[in-house]
Amino acid sequence: MKRLINTIQFFILVCCIGSASSGYAQEEIEEEETGSETETERNKASYSLGNGLNFSFNEEAYQFNITGFLQPGYFNERVEGLEDVNQYKSKRTFLQFGGAALKEKVSFFVQLDFSLTNPLMDAWIAYEPIEQVKISFGQKQTFVNNREMTYREDRLQFVSRSMLSQSLSQTGREFGVFVESKFKLGNTMGIAPMAALTSGDGRNSFGEDSRDSDIGGVKIGGRLDFYPLGFFKDGNELTNVDLEREDTFKFVVGVAGSQNNGASGAAGESHGDFFLFDENGTNSLPDYSQLYTDVLMKYKGFSFLAEYANTSAEGIDKVFIDDAATQILAPQQISEFLALGNSYNFQLGYITKNGYSFDVRYGTATAEFENYLGSVLSDMNETTFGLSKYFYKNALKVQASYSRIEPSMGETIHQIELILHITL
């Protein structure tokens, strides 16, 4: 609760700064009327809800933005035979910095989540040699995962990510080089090829200090999106929800995948969560592959997302659990270390013109080794119902959800979650 109060105080301070900057911008306008026209046209400052605090210099050739969002909320979990869990907390507390030098074709973005012990989420710089291509370097939310994991935390259709996303990813961030492109094909069709070369250790992959170096090899991945009927409206590709209400039926089909050479975490996005060894006692980590296919459809407020994921492991022959090489890894034991199997996720929603969104989600997970109790990915299914009210598009909204999680073994889990989302 103390952290939540401190967070709210921090964001109030940012709002005050934004208001002061808005007043400063107004003073500049007044100076325009008294003869300082040239300077105020070249340099501007403004603040608005959802867009944060914006600065532009040299006739908007250089642009900077400070914004963020806060998600205070309530969470309840009930399992028969166990005591109920009730939590009041800040689910997410993000602060964002961004900027661009238009003439130089360079941009940057930094994002922190103060609800985490290690807050750094994104920190990258990008160069656009041509309008259709962007090359980024740094820690960035990657596109090699399922489609829902490519959306930022402030643009989710439900309060939380799907079971598929949570089982096969962590934050979705990687450190490396990312190449994104987007081209029109003819008058209507579009295509978006993407590729990434990363450390394979996920967020903050370099560990606590210089002595805690990367583990394993690199991770190679990519995504290819195809838009048969043309691209979505501007901004509408950033979320599952049809916020912009497509006038004609649009959809995108995507394929994504990655190969992590030497994974050291359950979802191939961790730093030294486990170690395996060869016969000489040398670290010998398995290769971990993830393959995704998905389709997203939108039309006049309706949206439908379908996702499929398959994960597998290689390089596990003659691998030992201990560095003395006395306990060899049995085939099914690899599922104790890596999330292996198949998962599906389906999301259907409708948002009214007044901003009410009604959503339902169903997901399943099937472990590669059925009935193996030690498996990271266990057999289960999840059904979620969501209700949201968008007051100012994605800048201000209230979201509520109820989830029923049914594992193949154990009691059914009931979860209720409510958040207030405020983008500054």
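The values are calculated or read from the model by the stated rules, or taken from the named source; none is laboratory data. Not measured: the values here are computed from a predicted model. Counting neighbours? That spans all protein chains shown, and the Cβs are built from the backbone with ideal geometry, glycine included. Accessible surface is based on the protein model in full, side chains and every heavy atom, while ligands, DNA and RNA are left aside. Shrake-Rupley method; radii C 1.70, N 1.55, O 1.52, S 1.80 Å.
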Take the conditions within 24 Å of LEU348 (Cβ to Cβ) and hydrophobic (A, V, I, L, M, F, W, C) and apply them to ALA267. Does it pass? no
Check on GLU246, closer than 24 Å to ASN345 by Cα, at pLDDT below 95 and either acidic (Asp, Glu) or in a strand (DSSP E or B) (or both): no
Of the residues that sit in the range 297-315 and are touching a strand residue (DSSP E or B) at 6+ places or on another chain (Cβ under 6 Å) and open to solvent by 40 Å² or more (accessible area, probe 1.4 Å), which one is farthest from SER258 (Cα to Cα)? PHE302
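Conditions tested, residue by residue: (1) open to solvent by 50 Å² or more (accessible area, probe 1.4 Å); (2) not aliphatic (A, V, I, L, M).
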| site | (1), (2) |
| --- | --- |
| PHE232 | no, yes |
| GLY235 | no, yes |
| GLY254 | no, yes |
| GLY257 | no, yes |
| GLY268 | no, yes |
| ASP273 | yes, yes |
| GLU279 | yes, yes |
| TYR288 | no, yes |
| VAL295 | no, no |
Hits in the range 342-356 (condition: more than 15 Å from GLU370 (Cβ to Cβ) and under 21 Å from the mean Cα position of the chain (by Cα)): TYR344, ASN345, PHE346, GLN347, LEU348, GLY349
Going by what's in this entry, would ASN280 be described as touching a residue at least 12 places away in the same chain (Cβ under 8 Å), assigned to a loop (DSSP other than H, G, I, E, B) and not aliphatic (A, V, I, L, M)? yes
Just to be sure before I move on: is SER357 touching a residue at least 60 places away in the same chain (Cβ under 8 Å) and either part of a loop (DSSP other than H, G, I, E, B) or surrounded by 13 or more Cβ atoms within 10 Å (Cβ to Cβ) (or both) in the structure I sent? yes
Out of the residues in the range 364-414 that are within 22 Å of THR352 (Cα to Cα) and among the hydroxyl-bearing types (Ser, Thr, Tyr), state the one that is surrounded by the fewest Cβ atoms within 10 Å (Cβ to Cβ). TYR392
Looking at the range 367-375, can you tell me whether even one residue there is out of contact with any Asp or Glu (no Cβ under 9 Å at 6 or more places or on another chain), part of a loop (DSSP other than H, G, I, E, B), of a type outside the set (D, E, K, R) and closer than 20 Å to LEU168 by Cα? yes
Within the range 316-341, residues being open to solvent by 50 Å² or more (accessible area, probe 1.4 Å) and either closer than 30 Å to ASN240 by Cα or under 30 Å from the mean Cα position of the chain (by Cα) (or both) number 1
